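Reading through the structure tokens given below for one structure.
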Ligand SMILES: [Zn+2]
Ligand SMILES: [Zn+2]
């Protein structure tokens, strides 16, 4: 399982290999030491049961989507279609734009889910079965505030 731990001090994303289960990492941006406590399930890529960074047990799922890739496909599609539009080939223009949107949806649909910690936003990617529920705004509000108070950010 691969983690992207979020530094509590500066929010930098720090890649961690859960199989190594390091007991601490140092933030490359601000130099803060971050203690990590891995459960067996996390280091064996069996389940995300407890967050190694904040020890929280509440997670949600989201699509592992890089918005920039989707945007690039739409922009390329739009510029090609405006070229055809310029020459009065409206139908061609619309079908290219539609095609770009379809490619975008196909890319989106094939992406795997990743698990995110509600409290500290650490991300988990691996082969483990996905059990977390979808994002819930109310839960996020409550847990983020609790965590930020605990690490002294509020
Ligand atoms: Zn940092
Ligand atoms: Zn966490």
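Within region 68-86, can you find the residues that are free of Cβ contacts under 8 Å to residues at least 24 places away in the same chain and closer than 12 Å to residue 105 by Cα?
Hit for region 68-86 is 71, nothing else.
Is it true that residue 11 is under 19 Å from the mean Cα position of the chain (by Cα), at pLDDT below 95, on the phi > 0 side of the Ramachandran plot and part of a loop (DSSP other than H, G, I, E, B)? Walk me through how you get there before you give the answer.
Details: under 19 Å from the mean Cα position of the chain (by Cα): yes; at pLDDT below 95: yes; on the phi > 0 side of the Ramachandran plot: yes; part of a loop (DSSP other than H, G, I, E, B): yes.
Here the answer is yes, as residue 11 does meet what is asked.
Taking only pairs six or more apart or across chains, which ones have beta-carbon atoms under 7 Å, a first residue in region 117-130 that is more than 10 Å from residue 51 (Cα to Cα), and a second residue that is outside any loop (DSSP other than H, G, I, E, B)?
Filtered contacts from region 117-130: 125/2; 125/114; 126/2; 130/61; 130/113; 130/115.
Take the residues in region 23-48 that are loosely packed, with under 15 Cβ neighbours inside 10 Å and closer than 23 Å to residue 129 by Cα, then tell me which one is farthest from ligand 1 (Cβ to nearest atom).
Checking each candidate, the answer is 40.
If you go through region 104-154 one residue at a time, how many are touching a helix residue (DSSP H, G or I) at 6+ places or on another chain (Cβ under 6 Å) and either more than 14 Å from ligand 2 (Cβ to nearest atom) or at pLDDT below 90 (or both)?
2
How do the pairs read when you match residues in region 48-63 that are without any contact (Cβ under 8 Å) to a residue 24 or more places away in the chain with residues anywhere that are near ligand 2 (Cβ under 8 Å from one of its atoms), using Cβ under 9 Å and keeping only pairs 6 or more apart or on different chains?
Hits for this filter: 50/56; 55/119; 57/51.
For region 1-22, which positions are away from ligand 1 (no atom under 14 Å from the Cβ) and in contact with a strand residue (DSSP E or B) (Cβ under 8 Å, 6 or more places away or on another chain)?
Narrowing region 1-22 to residues away from ligand 1 (no atom under 14 Å from the Cβ): 1-3, 17-22.
Passing the criteria: 1, 2, 3, 17, 18, 22.
Let me spell it out: the conditions are (1) touching a helix residue (DSSP H, G or I) at 6+ places or on another chain (Cβ under 9 Å); (2) surrounded by 14 or more Cβ atoms within 10 Å (Cβ to Cβ); (3) under 30 Å from residue 19 (Cα atoms), and residue 63 meets all of them except one. Which number is the exception?
(2)
The values are calculated or read from the model by the stated rules, or taken from the named source; none is laboratory data. Since the model is a prediction, treat every value here as computed from it, not as a measurement. A quick note on method: Cβ atoms are made from the backbone with ideal geometry, for glycine too, and the neighbour counts reach across all protein chains shown.
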